[in-house]
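Asks: Sharing a structure below in structure tokens format, with a few things to ask.
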Amino acid sequence: MLAKPWRPRLTPSGKPPKQAEYLARDKLAWLLVMQAMLILPLLFNLPFWLWLVWAITAFWRTQMFRGRWGTPGSLVKTLLALICAGGLFASYAGKTGTETMVGLLVCAFSLKLLEVNSGRDAQLLLFIGFIITATQFLFSQTPQAAAYALLCVVLLLASWRSLYLTHAQSTGMRFKRGGMILLHALPIMLVLFVVIPRLGPLWAIPNQQAAKTGFSDSLSPGDLGNLALDRSPAFRVGFADQPPPVNQLYWRGLVLDTFDGRTWRMRDTWGVQSRAPNDDKAIKRELTDYSIIVEPHGQPWLFSLMTAQRVENTSNSIRITADSLLMNRIPVAQRMRYQVSSALQIEWPEPPQLNKLQRDNYTRLPRDSNPQTRALAESWRSQNLGDAQIIAQALALFNREFTYTLQPPLLGQHSVDEFLLTTKRGFCEHFSSAFAFLLRAAGIPARVVVGYQGGRWNPVENYLLVSQSDAHAWTEVWIEGTGWQMIDPTAAVAPNRIQQGMNEALGESDQQLVANAWRSSKLLYNLQLRWDAATYTWQRWVLNYDSEAQEGLLSRLLGGTETWRITLWLIGLGLVGAGLFAWALLRNQKGALLRPETKAVKKLEQKLAQLGYRRKTGETLGDFIHRVLYSEPQLKNGLTQIAQLFEQVAYQNRPEQLPQLQQAVKQFPR
Amino acid sequence: MQSLISNIIQQVDQIVLGKDQQVRLSLACLFAEGHLLIEDLPGMGKTTLAHCLAKVLGLKFERVQFTSDLLPADILGVAIFEREQGVFKFHPGPVFTQVLLADEINRSSPKTQSALLEAMEEGQVTIEGKSRPLPKPFFVIATQNPLSQSGTFPLPESQLDRFLMRISLGYPSPASERMLFEGVDPRARIRQLTPIVTHEQLSAIQAAVHQVKASDSLLDYVQRLVAFTRSDTQFAYGLSPRGALALLRAAKAWALIHNREYLVPEDVQTVLPAVVGHRVRGRGHSQDSEPLVKHLRDSVNVLG
């Protein structure tokens, strides 16, 4: 893109060219490209007709440059602005939210192009551009978005520079220079990021309701099967110590305790169904600390291992329910991070009890549903089997006759009957549902738990990635004397599902199904791991860098967070930076261009200076050494050798003598 | 070749007594195919040196005494009408020689001085529209009186630039002067001199000057010197590229005389006053460039 000399052109009407032409071709081109790049990511979140607004203004501005169309008058401009405002009003039905405001900004940004006549106007456009770049983060905060924004800033800086260029310069060079400006600002940016006080959000970001992903608060056959193909991450876990073995990684999300014959549901309220698990008298064993970064899923529930004892996050919005579940005050619309401490085992000094009401709740079944299953359970009960034996019986039944598959046959009204006695093929929700039903029918309190199981270990950054495909359902059974005990009937059918993940547990046709969705080559898998690790790091260190993290980091780095300390460090850093800069400047000026043999001689000069001899500026080394030898004849051997070596290296083109020269200088005067 | 060079030096030294440095410089100038300007008071041995050099090198020698009424035709030659044949016949002037001694060149008018310009630079003269080549080699050894003396026209810068070196002889040391008194008349001894160099040998020596190597370090130094003359405030104007080339060539000849195949900064520093002295001028009124050249030599770092 080379600047062509500007040539005045007459408009068709014969009038002299408008002011608009005074922006040179290449500068205008840069502005147009810059604008397109900046608003591109925004337009995915905004009404489609904003594309059109930009395209029209860009075309108009190009025509103005070519002298075909005139500059719009103020009436036209007002009209355009009104149309845009009206369009936004119509698109958002009068709501004033983030998106509306960003839409308005994009409109203004596009329309401003029609008014850009001089370099000054262009500069204004660039300033708006910086704000536009910032608004990109309202919609996405991923590392990709950050990289794109960085690219936008480089483009902005390059365009800004281009406004003042008086000569042609290649596009690559302009980018390079723009990037250099950004690079210079980078240290300051980093320091500011670390030390600028982190205020809470000044305003909430409204209508950012994330689409609900993952499972819902009810479970019917087939619900989780759909998730098996979804590879998107659900949450990531970093453990303080060693992670627990994989068969203990049951991430509890919801407890479903009401069954209507086909669907398991959560009771309406988060009541006090059972006694609080974190009883003071309980002996907690195998305490595990971990922190979880959960992806927005639009639901209030969060995930933890059995049994959550303590939970923390910065806004203290999470509490532990009576069922040892984690609940956020509001639905999770943004990525959030929280720390949990779970006791993997709890021993009670005196056996816990369920009261009558609770026992009724956990054994209640709809009256007429699944009669055959009921009959089976009652037959077991009538054999005078104990609870433990009935559980073992049920698991054995699953183990003997059932198949784990992602493509189960469809089930009708009495889903448990059909599954247990006819189809015998199913997915985890079939097993857990049937198992809980069986136990309830036998009078044993049981409930279904949905959540995630396992996860993929990322060895790059040492964390566990739990994907949607890890969604799982299992049961918890009340064992007299022990309390709620996790039992996973799926493990009885397909132990591999628990030990190695779903893919190994599936038959061939299922694997085919899954393979299309996410099984990929080794390389791709590794890339995925690395990319996910980068996302995790980004989330952990950038997005979650709040006032607390800041305090922690500052006190670790600087030894405290007092204002004077930070100020002192800032001043110190500034001085060090300025010093380095000055040093680099001086070095460039003096030493960087010196030849190696000259550097060696400079060292010799330093040594002779200690003896009181200084080479005059215009003195050759030979003359200087001659002068030194006049009063220091004992140095003759060393100095003569050095003089000869230097002459060979510097003037006879014999660089192979250089090491010898350096050696001789090093050994001088011995 | 080296014994030949030292032989020449020895021969000249026997006649021009106690002027080792000047003799070597003037020889270096001739080996570097440059013209020589000797500036000194009358009677210091300028002509003797020039004559001696020509004789030893076995070159055809002409001498022109420049006076204020000397005309260009007196040097270059003139076409005279031959009545018997009815044509103009060119009678070559004294410039058609190998060594031209232009004695007291600044006594003549600028018009005559500039008549030498083409001869010195191109090795040819153009008379009445016809270029006539001069014999090879062609040296001009000019002498001039210090400008402070009356009846002198200062040489223009363009002409000064055409001299590779400008040297001055200076008074002899008492010992050499004593030898001069006691010895035979130098003029008589010059007559007895026999050429010791053939034409081919001289060409070989001149070619060898070009073979002397200048390393990057040394070229850096020369460039620093040149840059200093152009940027330092004491200089009215800096060295031209031709001046810089002259410096390098003279230094190479100096290195060859001292039996070295490569340049060292000392070579440059030695020829510096002779090569640069007449090419630069200080901002002040002083015509004497010696302090200026000394300032140049002392201010530029040899090692970078």
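The values are calculated or read from the model by the stated rules, or taken from the named source; none is laboratory data. Note that the structure is predicted; figures quoted are calculated from it, not measured. Glycine also receives a Cβ, built like all others from the backbone with ideal geometry; neighbour counts cover every protein chain displayed. Heads up: the accessible areas ignore ligands, DNA and RNA and are worked out on the full protein's heavy atoms, side chains in. Shrake-Rupley method; radii C 1.70, N 1.55, O 1.52, S 1.80 Å.
Asks: Spelling out what I want: for every residue of the range A:293-309, take phi, set θ = phi - 60°, compute 6.51 cos²θ - 1.76 cosθ + 1.60 (Karplus), and round to whole Hz; glycine and proline get x.
Replies: Residue by residue, the range A:293-309 yields 10, 9, 6, x, 10, x, 10, x, 7, 10, 10, 7, 7, 6, 10, 5, 9 Hz.
Asks: Could you point to the residue in A:HIS430, A:SER216, B:GLY282 farthest towards the positive end of the protein assembly as shown's charge dipole, with +1 and -1 charges on the Cβ of Lys/Arg and Asp/Glu respectively?
Replies: Among A:HIS430, A:SER216, B:GLY282, the one farthest towards the positive end of the dipole of the protein assembly as shown is B:GLY282.
Asks: Moving on to the next point. Report the charge-dipole magnitude of the range A:25-195 in Debye, nearest 20, computed about the Cα centre from +1 at each Lys and Arg Cβ and -1 at each Asp and Glu Cβ. Let's see the in-between values first.
Replies: Values: 13 positive and 4 negative charges, 100 e Å.
That gives a dipole near 480 debye.
Asks: Given the protein chains as shown and a 1.4 Å probe, how many square angstrom of A:CYS84 are accessible, to the nearest 10?
Replies: Taking all protein chains as shown, A:CYS84 has close to 10 Å².
Asks: Heavy-atom accessible area of A:HIS184 with all protein chains present, probe 1.4 Å, nearest 10 Å²?
Replies: My reading of the accessible area for A:HIS184 is about 130 Å².
Asks: Starting from 0.36 nm per residue, how many nanometres of slack lie between A:GLN663 and A:ALA240 once their C-alpha separation is accounted for?
Replies: 146.9 nm
Asks: Another question about this same structure. Of the listed peptides B:22-33, A:610-621, what is their order by residue-averaged count of other C-beta atoms within 10 Å, with the highest listed first?
Replies: Descending mean neighbour count gives B:22-33, A:610-621.
Asks: Sort out for me the Cα centre separation of the range A:365-380 from the range A:127-199, rounded to whole Å.
Replies: What the calculation gives is 68 Å, centre to centre.
Asks: Moving on. Please find, in a Gaussian network model of chain B (springs between Cα atoms separated by less than 10 Å), the residue of B:MET179, B:MET44, B:MET120 whose mean-square fluctuation is greatest.
Replies: Maximum fluctuation in the GNM of chain B, among the listed residues, is at B:MET179.
Asks: Could you please put A:THR490, B:THR126 in sequence from largest to smallest accessible area, using a 1.4 Å probe? Walk me through the intermediate numbers first.
Replies: Working: A:THR490 0, B:THR126 60 Å².
Largest accessible area first, the residues go B:THR126, A:THR490.
Asks: Among the listed pairs B:LYS55/B:LYS213; B:LYS252/B:LYS294; A:LYS607/B:LYS213; B:LYS130/B:LYS252, which have their C-alpha atoms separated by more than 26 angstrom in this model? Mind showing how you got there, number by number?
Replies: On the way: B:LYS55/B:LYS213 30 Å; B:LYS252/B:LYS294 21 Å; A:LYS607/B:LYS213 31 Å; B:LYS130/B:LYS252 36 Å.
Result: B:LYS55/B:LYS213; A:LYS607/B:LYS213; B:LYS130/B:LYS252 exceed 26 Å.
Asks: So if I take the centroid of the Cα atoms in the range B:36-63 and the same for the range A:26-89, what is the distance between those two points in Å?
Replies: 87 Å
Asks: Per residue, how large is the accessible surface of the range A:596-667? Use a 1.4 angstrom probe and give square angstrom. Kindly include the intermediate steps, with their values, before the conclusion.
Replies: Working: 4080 Å² over 72 residues.
Per residue, the range A:596-667 has 57 Å² of solvent-accessible surface.
Asks: Please go through the range A:540-600 and write out the GluC sites (Glu not before Pro) that DSSP classes as loop and that have at most 13 other C-beta atoms within 10 Å.
Replies: Those satisfying the criteria are A:GLU562.
Asks: Still on this structure, please answer the following. So, with a 1.4 angstrom probe, what is the percent of accessible area on the range A:596-667 that is carbon and sulfur?
Replies: 49 percent
Asks: Additional query: Using the Cα gyration tensor of chain A, with a ≥ b ≥ c the square roots of its eigenvalues, what is the shape: rounded (a/c below 1.5), prolate (a/b larger than b/c) or oblate (neither)?
Replies: Working: a/c = 2.88, a/b = 1.60, b/c = 1.80.
Judged from the Cα gyration tensor, chain A comes out oblate (a/c at least 1.5, b/c at or above a/b).
Asks: Determine ³J(HN,Hα), in whole Hz, for all residues of the range B:198-206 in sequence, where each value follows from phi through the Karplus function 6.51 cos²θ - 1.76 cosθ + 1.60 and θ = phi - 60°; x replaces Gly and Pro.
Replies: Result, rounded to whole Hz: 8, 4, 5, 4, 4, 4, 4, 4, 4.
Asks: Right, here's the next one. Am I reading the A/B interface right? What is its buried accessible area, both sides, 1.4 Å probe, to the nearest 100 Å²?
Replies: Numbers: alone 35350 and 14890 Å², together 48660 Å².
Buried: approximately 1600 Å² between B and A.
Asks: Turning to a different aspect of this structure: Which far-off residues, 5 or more places away or on another chain, put their amide H under 5 Å from the one on A:HIS297, with H placed in the peptide plane?
Replies: It is A:VAL332, by chain and number.
Asks: Now for a separate question. Gaussian network model of chain B, Cα springs within a sub-10 Å range: biggest mean-square fluctuation belongs to which of B:ILE80, B:ILE190, B:ILE15?
Replies: Ranking B:ILE80, B:ILE190, B:ILE15 by mean-square fluctuation puts B:ILE80 first.
Asks: Using a 1.4 Å probe on the heavy atoms of the protein chains only, list every residue of the range A:612-639 that has 20 Å² or more less accessible area in the complete assembly than in its chain alone.
Replies: Buried-area filter returns A:ARG615, A:THR617, A:GLY618, A:THR620, A:ASP623.
Asks: Oh, and also: So what's the back-of-envelope 222 nm ellipticity for chain A, counting only DSSP H runs of four-plus at -39500 (n - 2.57) apiece and dividing by all residues, rounded to 500?
Replies: Value at 222 nm, helices only, nearest 500: -15500 deg cm²/dmol.
Asks: For a distance above 24 Å, tell me the whole-number percent of Cα pairs in chain B that qualify.
Replies: Pairs farther apart than 24 Å: 55 percent.
Asks: OK, next. Let me know the charge dipole size of chain B about its Cα centre in debye, to the nearest 20, where only the beta-carbon of Lys, Arg (+1) and Asp, Glu (-1) is charged.
Replies: 160 debye
Asks: Let me know the mean shielding of A:594-605 by other chains, meaning the per-residue number of their Cβ atoms within 10 Å of its Cβ. Working shown, then result.
Replies: Numbers: counts 2, 6, 0, 2, 6, 2, 0, 3, 2, 0, 0, 1.
Rounded to a whole number, the mean comes out at 2.
Asks: Next question. Given a 1.4 Å probe and every protein chain left where it sits, what share in percent of the accessible area of chain B is carbon and sulfur?
Replies: Numbers: 7290 of 14110 Å².
The computed percentage sits at 52.
Asks: A further question follows. Compute the distance in nm between two label points, each set 7 Å from the Cα along the Cα-to-Cβ direction, one at B:SER109 and one at A:LEU410.
Replies: Using points 7 Å along Cα→Cβ, the separation is 12.5 nm.
Asks: Using a basic spin-label model with each label point 7 Å from the Cα along Cα→Cβ, how many nm lie between A:HIS184 and A:LEU229?
Replies: Taking the simple label geometry, A:HIS184 and A:LEU229 are separated by 5.4 nm.
Asks: With chain B treated as a Gaussian network of Cα nodes joined by springs under 10 Å, which of B:HIS258, B:HIS51, B:HIS91 yields the largest mean-square fluctuation?
Replies: Maximum fluctuation in the GNM of chain B, among the listed residues, is at B:HIS91.
Asks: To continue, here is another question. For the range B:212-299, what is the Kirkwood estimate of the hydrodynamic radius, computed as the reciprocal of the mean inverse distance between distinct Cα atoms, to one decimal in Å?
Replies: So the Kirkwood estimate lands at 13.0 Å.
Asks: May I pose another question? For chain A, find the longest principal axis of its Cα atoms and tell me its angle to the long axis of helix A:119-139, 0 to 90°, nearest 10.
Replies: Once rounded, the angle reads 30 degrees.
Asks: What residues qualify as long-range amide H neighbours of B:ILE127, i.e. H under 5 Å apart, gap of 5 or more or another chain, H built at 1.01 Å from N?
Replies: Those lying under 5 Å, H to H, from B:ILE127 are B:ARG132.
Asks: Taking Cβ-Cβ under 4.7 Å as the only way to count a partner, pick out the unpartnered cysteines of chain A.
Replies: A:CYS152, A:CYS428
Asks: Compute the relative contact order of the range A:596-667 as a whole-number percentage, counting only Cα pairs closer than 8 Å that sit 6 or more residues apart in sequence.
Replies: Averaging sequence separation for qualifying contacts and normalising by length gives 37 percent for the range A:596-667.
Asks: Oh, and also: Any chance you could tell me what percent of the C-alpha pair distances in the range A:572-632 go past 13 Å? Walk me through the intermediate numbers first.
Replies: Details: 1301 of 1830 pairs.
Within the range A:572-632, distances greater than 13 Å cover 71 percent of Cα pairs.
Asks: Please compute the contact order of chain A in relative form: average sequence separation of alpha-carbon pairs under 8 Å and at least six residues apart, divided by the residue count, as a percent.
Replies: 11 percent
Asks: Let a ≥ b ≥ c be the square roots of the eigenvalues of the Cα gyration tensor of the range A:29-183; is it rounded (a/c under 1.5), or, if not, prolate (a/b larger than b/c) or oblate? Don't jump to the answer; show the numbers that get you there.
Replies: On the way: a/c = 2.43, a/b = 1.17, b/c = 2.07.
Because a/c hits 1.5 or more and a/b fails to exceed b/c, the range A:29-183 counts as oblate.
Asks: Classify the range A:218-519 from the C-alpha gyration tensor, please: rounded if a/c falls under 1.5, else prolate or oblate depending on whether a/b exceeds b/c.
Replies: oblate
Asks: Just to confirm the number: angle between the C-alpha axis of helix B:216-231 and the first principal axis of chain B, 0 to 90 degrees, nearest 10?
Replies: 80 degrees
Asks: So, in nm, how far is label A:GLN383 from label B:SER68 when the simple model puts each one 7 Å beyond its Cα toward the Cβ?
Replies: With each label point 7 Å from Cα toward Cβ, the separation is 14.9 nm.
Asks: To continue, here is another question. By how many degrees, between 0 and 90 and to the nearest 10, does the Cα long axis of helix A:508-518 differ from the longest principal axis of chain A?
Replies: 40 degrees
Asks: Using a loss threshold of 20 Å², tell me which positions in the range B:290-304 are less accessible in the complex than in their chain alone. Probe radius 1.4 Å, ligands and nucleic acids ignored.
Replies: Residues of the range B:290-304 that lose at least 20 Å² of accessible area once the other chains are added: B:ASP298, B:ASN301, B:VAL302, B:LEU303, B:GLY304.
Asks: Give the accessible surface of the range A:547-589 per residue, rounded to a whole number of Å², with probe radius 1.4 Å and ligands, DNA and RNA excluded.
Replies: Ligands and nucleic acids excluded, the figure is 77 Å² per residue.
Asks: What whole-number value in Å² describes the accessible area per residue of the range B:2-201 for a 1.4 Å probe?
Replies: Details: 9510 Å² over 200 residues.
Roughly 48 Å² per residue, with all protein chains present.
Asks: B:ARG281's amide H: which non-local residues (gap 5+, or another chain) put their own amide H closer than 5 Å, with H modeled 1.01 Å from N in plane and none for Pro or chain starts?
Replies: When sequence neighbours closer than 5 places are left aside, the close amide H contacts are B:ALA236, B:TYR237.
Asks: Right, another one. Kindly sort B:GLU121, A:GLU418 by accessible area of their heavy atoms, largest first, with the probe set to 1.4 Å.
Replies: On the way: B:GLU121 80, A:GLU418 60 Å².
The most accessible residue leads, giving B:GLU121, A:GLU418.
Asks: Mind checking which of A:GLN610, A:GLN663, A:GLY622 is farthest towards the positive end of the range A:577-670's charge dipole, using Cβ charges of +1 (Lys, Arg) and -1 (Asp, Glu) about the Cα centre?
Replies: So the residue we want is A:GLN610.
Asks: Using a Förster radius of 41 Å, what is the FRET efficiency between B:LYS60 and B:SER173 based on their Cβ-Cβ separation? Nearest 0.05, please.
Replies: So, using R0 = 41 Å, E works out to roughly 0.80.
Asks: Report the far tail of the P(r) of the range A:600-645, meaning the percent of Cα-Cα pairs longer than 12 Å.
Replies: 60 percent
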